Amino acid sequence: MEQSRAASRTGGPRTATRPERPAGAAVRGEHTHSEPAAPAVVPQRHSVRDQILDALRAALLNGRLGAGQVYSAPAIAAHFGVSPTPVREAMQVLVSEGAVETVPNRGFRVAEHDPHDLAELAEVRNLLEVPPLLALARSVPAGRWEGLRPLAEDTVQTAARGDRGAYAEADRAFHRALLELTGNRQLVAAADDVRRRAHLSSLRTAPAPRTTDLLAEAADHLALLDALADQDLTAVEHLLRGHQ
């Protein structure tokens, strides 16, 4: 009876109080999403890898890395004055792109492709590029295409220099800008990857193009812009399918 009166005076039976936990401390079963502290020094390894990757892609396109030849990461690293780690990382990217192959205990071999590989890449590229660009030709104002003319002219200038590596980059930049008008980032990324693979594969399936060949190919970019602005769908499709 005394216990009941005591309970009524205090508002009910007493319960153990939880100890206060420090702010930010995790409790079992809870998920925490606190942001990690910013590092004192921003890592630079990926920037080194990307610079090596760009240099290796240019060397592949210009034939300085020969098809079928095996190159070791330490030897390439010594050439660039860096450690082998970013070179191996760059080479693994090239492996994923089909440009080189891993040779156990030796290094990386520059991949050799046949004309069938190039034909398959051309087919995939057409599937990715032709339908969306035909759709854009029906709706995009002529002025938008004219805004891409400097990129087309850049391909002509790089072609005139005969620099196949620079031309490949300018060509990809032009076609990437065309597809960016769709607003589909996944399409842009996929088509850009296929076009890069096609440039590298063509290096090993055909003789290096002459400057006149590059100039003729670059002229197609200007003609394509004219056809797109004029909504000449037949000419657009012809230029895209015939453009390597």
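Read the figures in this text as sums done on the coordinates, not as results from a lab. In this text the structure is predicted, and so the values were computed from the model without any measurement. So basically every Cβ, Gly included, is an ideal-geometry build from the backbone, and we count neighbours across all protein chains shown.
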Where labels lie 7 Å past Cα in the beta-carbon direction, separation of Asp114 and Arg161 in nm: 3.7 nm
Simple label model, 7 Å out from Cα along Cβ direction - Thr182 to Val95, nm: 3.1 nm
Of every Cα-Cα pair in the range 47-189, the percent that sits beyond 24 Å: 45 percent
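State the three equivalent ellipsoid semi-axes of the range 145-244, derived from the C-alpha gyration tensor as the square roots of 5 times its eigenvalues, in descending order and whole Å.
Values: eigenvalues 87, 54, 32 Å².
Largest first, the range 145-244 gives 21, 16, 13 Å.
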